Amino acid sequence: MDMSTWKILLVDDEAEFINTLAERLDIRGISARVVYDGDAALKAVAEEVPQAMVLDVMMPGIKGLDVLQRVKEEHPEVQVILLTGQGKTRDGIEGMRYGAFAYLMKPLDLEELITTLGEAISATQGTPHA
C-alpha cells in the first residue's frame, strides 16, 4: 500500500501536538492536512473528502463526536479514528456506535496510529465513492 497517496485529515485543538504528529507522519511519507477545531474539520471535509480522519473527541466548539456524526451522515466512506484522553474509554465506545473506525488513547503510539490508518484506508478501498 502506497502511504504517500493516503488522504488524511488530522483534527485536534492542541496545535503543538497535532503539528508534531503531522511532521512525524510526513517523515514516514504520509502527508496529512491539519485543522484545529470541529468547524474547520467540517469545512476541510467539504473541500476535499479524506480517506481517513484522526479526530480528537474533546475540543472547544463542535465536539469530536458531533463532527463524527456529521461526517458519517454526509460521507459514510470516511474512516474516522477518534483520539481520547486517558480514562475516556466511554467516549471511544460511544464514537464506535456512531460509526468510528477505531479509537486510540493519548498519548498516541505512532506505529499503532499508522497501522490503524492503514487498516482504515484498506477498509475504504472496498467502499464505492459517491
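The values are calculated or read from the model by the stated rules, or taken from the named source; none is laboratory data. A quick note: this is a predicted structure, and the numbers were derived from the prediction, not measured. Cβ coordinates were reconstructed from backbone atoms using ideal geometry, including for glycine residues, and neighbour counts include every protein chain displayed. These area figures cover heavy atoms from the full protein model, side chains too; ligands, DNA and RNA do not enter into them. Shrake-Rupley method; radii C 1.70, N 1.55, O 1.52, S 1.80 Å.
A compact table of results
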quantity: Helices (runs of 4 or more DSSP H) enclosed by the range 1-89 - at least 2 residues per element that are buried (at least 21 other Cβ atoms within 10 Å of the Cβ); calculated: 38-47, 64-74
quantity: Unmet criterion (only one of (1) in contact with a helix residue (DSSP H, G or I) (Cβ under 8 Å, 6 or more places away or on another chain); (2) within 24 Å of residue 4 (Cβ to Cβ); (3) assigned to a loop (DSSP other than H, G, I, E, B); (4) among the aliphatic types (A, V, I, L, M)) for residue 100; calculated: (2)
quantity: Selection count, the range 90-111, where residues are open to solvent by less than 90 Å² (accessible area, probe 1.4 Å) and closer than 26 Å to residue 16 by Cβ; calculated: 13
quantity: Selection from the range 71-94 of residues that are closer than 18 Å to residue 51 by Cβ and in contact with a Phe, Trp or Tyr (Cβ under 8 Å, 6 or more places away or on another chain); calculated: 72, 79, 80, 81, 82, 83
quantity: Some residue of the range 17-29 being charged (D, E, K, R) and either within 13 Å of the chain's Cα centre (by Cα) or at pLDDT below 95 (or both); calculated: no
